[in-house]
Amino acid sequence: MSEEETVRILRRDVLLLSVLGVCAVGLFLLTKSVAAREEAIESRVAATWYQDGLRKFHAGALDDAIESFRKSIAFDRENPTYVLALADSLVAGNHNTEAKQALLRLRELDPTNAEVNLHLARLAVKTGNVQDAVLYYHSALDGMWTGADVAERRKSVRTELILFLIDRHDENRALSELLVLDSELPDSADPHIKAAKLFLKANDTKHALNDFAEAIRLDAHNAEALAGAGEAEFRLGDYRKAHHYLEEAVAQGETSAETAQMLSLAGMVTSYDPLTLGLTAKERQRRLSAGLVQATRRLDECRSKVSTPDLEALKGDAEGMRSEISSRTGFHDPGLLSSGLGLIYRIEDAVNARCGPAVGADKALLLISRKHGDTQ
């Protein structure tokens, strides 16, 4: 074969390869375009089924909604929005096991997805699985959030976890979460009030008082903060401070029945307490005598309905104590004060058991006796 013929053949082969290459590229682009079109069509179909599922879900047609969400996922399997919607409808329909399986498959794709973990936490709450609930709440808190107000949403999730733990009477773990929440509060009254109320729910009255006090520092005329501080002081047994805060709360527009009742009780405790500092001996005698008269009156009312040996014995003790109190002109005996308050407590406590709980002045007398430890 001549050199000229060889060159001609090579040129022909190069040209053929070029044509084949162009055809291959064209075929690839055509295939890609067709695939993209099909994907776009499937995406639109999935979105249509998703919207249909939402309408049915909000209309209360759960079974139909579940079916629509399943169809949306069939066309777009990795869309977390569709899977979460399916899980919500399954949970609403009490298909808890299936909902959990769907969420766990989604979590395998992205363990850090905060929304998925939050859904799993709420499902665990519903099924009473405390360990899983705490695990998934923490995974949500530590996970990746999308969208705006991430800090606020995290705070909302932590609050949700705290309330769950309080409802489960797990105050220790609830307080641990509360202290984290408390450390991240902004300098405005409302977040401190909300945190304080959570501390009250968790029976940590001192931390509650601190947050209410901070709220008052930030907004001195906030009626809700003043009422909360009054309730905290009331629980802590400082009825003078409680009365001050509650009175200020009412002046700022607080109108709840609970606040009015606490204010009245705090006022009676501070007025009736014979062990208040700074009183004269005569005033201590007057207060103890008045308290015993009040307790005896309630005892007599109860005895008119039911007569028992313990109530009759208390009646005799009350008459003896009244004679002893009135016979003391100087009234400097602290032992008599303690004995008198102890008797008042025993009378009120016994009447509680026989004739129902104390109210008004009688409840104030119980609070005074408990405050001073006269419960034996």
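The values are calculated or read from the model by the stated rules, or taken from the named source; none is laboratory data. For clarity, every value in this text was computed on a predicted model and none was experimentally measured. Because the Cβ atoms are built from the backbone with ideal geometry, glycine has one as well, and the counts that use them run over all protein chains shown.
For this structure, a couple of remarks:
- The one condition in (1) free of Cβ contacts under 8 Å to residues at least 24 places away in the same chain; (2) touching a Gly at 6+ places or on another chain (Cβ under 9 Å) that ASN352 fails to fulfil: (2)
- One residue alone among GLN285, GLN261, GLN294 is in contact with an Asp or Glu (Cβ under 9 Å, 6 or more places away or on another chain) and of a type in the set (S, T, N, Q), and that residue is GLN294.
- Qualifying positions in the range 185-204 - modelled with pLDDT under 95 and out of contact with any helix residue (DSSP H, G or I) (no Cβ under 7 Å at 6 or more places or on another chain): PRO186
- Residue ranges of helices (runs of 4 or more DSSP H) in the range 80-179 with at least 3 members over 20 Å from the mean Cα position of the chain (by Cα) and basic (Lys, Arg): 96-109
- Selection within the range 53-65 - in a helix (DSSP H, G or I) and under 31 Å from the mean Cα position of the chain (by Cα): LEU54, PHE57, HIS58, LEU62
- Selected residue (only one of ALA227, ALA266, ALA242 is small (Gly, Ala, Ser), more than 30 Å from GLY335 (Cα to Cα) and in a helix (DSSP H, G or I)): ALA227
- Among the residues of this structure, ALA189 counts as one that is crowded, with 19+ Cβ neighbours inside 10 Å, closer than 28 Å to GLY253 by Cβ and in contact with a Leu (Cβ under 9 Å, 6 or more places away or on another chain).
- Hits in the range 186-199 - residues which are assigned to a loop (DSSP other than H, G, I, E, B) and in contact (Cβ under 8 Å) with a residue 12 or more places away in the chain: ASP187, SER188
- Listed by first and then second residue, the pairs with beta-carbon distance under 7 Å, at least 6 apart or on different chains, first residue in the range 235-255 and under 13 Å from GLY267 (Cα atoms), second of a type in the set (D, E, K, R) and modelled with pLDDT of 95 or more, are LYS241/GLU233; ALA242/GLU233; TYR245/GLU233.
- Filter result for the condition that a residue is within 23 Å of CYS355 (Cα to Cα), under 46 Å from the mean Cα position of the chain (by Cα) and at pLDDT below 95, over THR296, THR308, THR276: THR308
- Test: GLN285 is modelled with pLDDT of 95 or more and over 16 Å from ALA364 (Cβ atoms): no
- Scanning the range 247-273 for residues that are under 28 Å from the mean Cα position of the chain (by Cα) and within 18 Å of LYS363 (Cα to Cα) returns ALA257, GLU258, THR259, ALA260, GLN261, MET262, LEU263, LEU265, ALA266.
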